[in-house]
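First comes the structure, then the notes that go with it.
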Amino acid sequence: MAAALDARRVVAAYGEDYGTRYFKYGPLMERKPRIMESVGLFLEDSPLLREVYGIDKKLVVDYSEVMRYLGAKEMLVRNLIYPLKDGEIKREDERSWMVVTELTRKGLKQFEDYKKKEGFEGFYVTAAIAARAPEYMVEKLLEVHAKIDRETGLVKAFTVIAQPLAVAIAEKELTCVVVESGHGNTQITPINSYPIREAIISLYRGGAEADAVAAEVLKDLGYGDLASDEKAVRRFKEEAGLVPLDLDRAVRAARENPQKFSCRVKLSPLLEIDLEDRGWYRFLIGEVVFNPRHEIYESYKKRGVLNIRPTVVGDRTIEGDVPLSDAILQSISETPVGIHELLLKKVILSGGNFQWRVPEELKGVAVSAREKVEHMLRARGLSVEVRMTEDPQSSVWKGCVVWSLALPDSYLWDENRGEGWFKRGVHY
Amino acid sequence: MVQERSSLLIEAVRRHFLGEGYSEEEPPAGFDAAFRKGGELVGVKVFTFSSNPVRDRRALRSLLYRILRERACDLAYVVVDEVRYSHLPSSAEFEESCVGLLKVGEGGVEVAVRAKPLRGAGRALEAPAAGASAVPLEGARIEALERRIEALEALLQRLESALQKLSPERAPPLEPTAGGGAVTGGGGRAAPQAQAPPAPVGVGGELAVLDLPFIRDNPWIRSLASRAGERASSD
């Protein structure tokens with residue numbers, strides 16, 4: 001069976017990925033998403049800004065613009081807003097919703113010239129949010145888009161899908177398990193044409209926990225002053241962090257041969273960190289993503305560095321530090337028996353938190369996220385196939401634009417199914 | 001964003017028919033899926049149970065009457081979850097109606113009642129005694145037309161694959177769609193569209209993006225395009 005796609009929809013397909021750290025957005029015609037940091041800065045009433053620079057904005061978004069107005073640390077604490085926490089925004093958190101509205105508006109307005117295209121009546125916007133995001137987020141996002149459409153005429157139709165579903169679409173898989181790990185959370189979502197909602201496990205851990213361990217490592221190395229500098233910690237994590245195939249063996253190997261596992265990380269032209277004989281620390285940073293239950297993290301837990309809240313799924317509580325392999329298997333076990341084997345054959349990893357370097361000389365001891373998860377699952381005696389998304393940074397956006405492209409125009413929003421178009425003239 | 005039992009049933013039925021050598025087609029109105037082998041079109045409708053067995057039986061009979069009235073397929077099956085099988089009317093009612101019954105459970109799909117041709121039966125029922133001779137004539141005409149359509153489809157597929165080999169960038173393999181008219185086809189017939197005619201295609205930019213790796217041959221495009229049909233039949 002085959003038919004055809006509508007050229008108008010090709011032009012109008014637009015995707016939005018509301019990530020905890022980054023907002024990725026843009027039309028299909030751009031072929032890849034544009035990216036803004038999910039952050040907003042509320043400007044305090046300042047005669048200097050208003051009268052000298054003629055700036056009367058109350059809110060600026062995106063880090064590149066926020067940087068221009070950064071002032072004292074106290075002001076930052078009050079006014080710098082990261083709207084999404086663990087992929088969610090509280091209903092009553094008005095300032096966060098204002099930031100999201102501004103990010104969305106700023107994104108769409110970059111494509112105002114599409115209005116000049118023949119037959120263009122506005123974008124078909126598909127937004128992706130966390131699989132376990134509360135339902136009111138859909139309503140709030142609809143309000144945001146309806147408001148922007150009234151101002152700009154740029155949103156003809158709007159819908160929301162789950163981020164892991166978008167990944168499955170980008171990967172062209174109808175039946176699979178998507179494990180999406182971002183900064184704030186890790187979502188395990190079995191999919192069989194639809195996400196199997198009852199089986200979704202959302203762990204409240206992600207890149208932030210690896211950052212926390214990296215900050216502790218910096219402290220242990222004598223750079224305690226850097227531990228509160230978010231950018232420095234992230235850079236250190238990305239440069240030094242490694243995922244061990246087996247943590248105990250990796251630590252032993254690194255202690256026996258410290259030179260081989262050591263490294264230097266240049267954080268600025270003035271600052272270089274040398275791990276010297278403590279190269280084994282590098283494995284602590286990566287392992288925490290996959291198995292924070294390892295006894296090596298006990299001291300971090302006691303000090304409150306790793307305090308991962310549990311997840312409630314139905315009537316069960318899943319501890320936040322559950323090994324990733326256990327969480328994947330628990331999730332699959334909640335699906336119909338007939339698809340267990342299919343799901344185990346297609347475990348897809350996605351998200352920036354699964355992007356780890358594997359230095360050539362350390363291969364075998366240090367591994368990729370794919371190898372790690374496959375190893376953990378095979379250790380349970382299972383035949384599995386794990387793969388990474390081809391393009392972890394933009395796979396959610398890709399799924400969104402495919403959804404925008406293909407979902408029929410007449411398929412209006414259905415509350416029970418949680419899908420369909422909210423449309424101008426019908427819903428707003 | 002919720003996995004529904006009905007979609008699991010459809011998936012199981014899809015595997016069953018594809019395994020039997022059928023190919024999937026756009027379902028006619030009132031069906032959740034359709035499969036073709038040769039000239040035979042099989043329509044499949046999932047029946048969703050409520051908590052009330054009496055209401056279920058009534059609803060199921062209404063469904064059988066509608067299928068018989070519309071006769072949109074050559075064969076029709078009602079699909080049920082075996083867990084609630086006992087809520088159904090007796091299998092004799094299915095046998096009399098010609099509508100088949102598929103039971104889906106952990107063991108897969110089981111044909112509880114085999115479907116009988118609807119269209120043939122329909123024509124026989126419709127034909128008044130005085131016009132009895134018209135029945136075989138009409139049947140023969142339809143069969144001849146079906147054979148011609150099949151031959152034309154095969155020819156169209158050959159032409160399209162030849163065209164793609166000659167100029168892949170000008171004839172991207174496309175899938176079914178959401179809305180307006182055809183930009184190009186990918187080896188089959190475009191589903192009838194009730195929408196406005198397509199917008200003029202630009203200088204090729206629109207078509208070129210359809211050849212991006214994450215769009216080309218993406219099975220979700222077909223799956224999403226068919227959701228309007230699913231919705232209509234469940235409403």
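Mind running the shape call on the range B:5-122? Use the C-alpha gyration tensor, a ≥ b ≥ c as the square roots of the eigenvalues: rounded below 1.5 for a/c, prolate if a/b tops b/c, oblate otherwise. Here the range B:5-122 falls in the oblate category.
For the residues of A:186-197, the average number of beta carbons from a partner chain within 10 Å of their own beta carbon is 3.
Distances between placed amide hydrogens fall under 5 Å for B:VAL109 paired with no residue 5 or more residues away or on another chain. From least to most packed, judged by other beta carbons within 10 angstrom and beginning with the fewest, A:LEU407, A:LEU221 follow the order A:LEU221, A:LEU407.
Go through A:178-185, A:375-382, B:68-75, A:397-404 and give me the packing order, highest mean Cβ count within 10 Å leading.
Averaged packing, sorted descending, gives the order A:397-404, A:178-185, B:68-75, A:375-382.
For the range A:95-252, the calculated P(r), taken from all Cα-Cα distances in 5 Å bins from zero up to the bin holding the longest distance, is 2, 8, 12, 13, 13, 15, 14, 11, 7, 4, 2, 1, 0, 0 percent.
Spatially, the range A:5-35 and the range A:164-230 are offset by 22 Å when compared through their Cα centroids. Our helix-only sum for chain A, with -39,500 (n - 2.57) per DSSP H run of n ≥ 4 divided by its residues, gives a mean residue ellipticity at 222 nm of -10500 deg cm²/dmol.
Past 28 Å, Cα to Cα, is the threshold; run A:LYS345/B:LYS116; A:LYS109/A:LYS237; A:LYS58/A:LYS85; A:LYS90/A:LYS346; A:LYS156/A:LYS346; A:LYS90/A:LYS147 against it and keep the listed order.
Details: A:LYS345/B:LYS116 38 Å; A:LYS109/A:LYS237 35 Å; A:LYS58/A:LYS85 22 Å; A:LYS90/A:LYS346 34 Å; A:LYS156/A:LYS346 35 Å; A:LYS90/A:LYS147 19 Å.
A:LYS345/B:LYS116; A:LYS109/A:LYS237; A:LYS90/A:LYS346; A:LYS156/A:LYS346, as the Cα separations exceed 28 Å there.
Within 10 Å of each Cβ in peptide A:406-419, how many partner chain Cβ atoms are there on average? Round it to a whole number, please. Display every interim value, and only then the final one.
Working: counts 15, 9, 13, 9, 8, 10, 2, 0, 4, 0, 2, 8, 2, 5.
Averaged over the peptide's residues, the number is 6.
In terms of the Cα gyration tensor, with a ≥ b ≥ c the square roots of its eigenvalues, is the range A:228-320 rounded because a/c is under 1.5, prolate because a/b exceeds b/c, or oblate?
Details: a/c = 2.71, a/b = 1.56, b/c = 1.73.
Here the range A:228-320 falls in the oblate category.
Within 10 Å of each Cβ in peptide A:333-343, how many partner chain Cβ atoms are there on average? Round it to a whole number, please.
Values: counts 0, 0, 2, 6, 1, 9, 3, 0, 0, 1, 0.
Per residue, the average neighbour count from other chains is 2.
Remark: A:TYR136, A:TYR194 ranked as A:TYR136, A:TYR194, counting other beta-carbon atoms within 10 Å and listing the fewest first. Could you tell me whether chain A comes out rounded, prolate or oblate from its Cα gyration tensor? Rule is a ≥ b ≥ c as square roots of the eigenvalues, rounded for a/c under 1.5, then prolate if a/b exceeds b/c, otherwise oblate. Oblate is the answer for chain A, as a/c is 1.5 or above yet b/c matches or exceeds a/b.
Note on A:LYS266: aspartates and glutamates with a C-alpha under 19 Å away, same-chain residues under 8 apart excluded, are A:ASP211, A:GLU216, A:ASP220, A:ASP225, A:ASP229, A:GLU230, A:GLU238, A:GLU239, A:ASP274, A:GLU276, A:ASP277.
Bear in mind these aren't lab numbers, they're just calculated from the coordinates by the rules spelled out. These figures come from a predicted structure and were not determined experimentally. Positions of Cβ are backbone-derived with ideal geometry, glycine not excepted, and every protein chain shown enters the neighbour counts.
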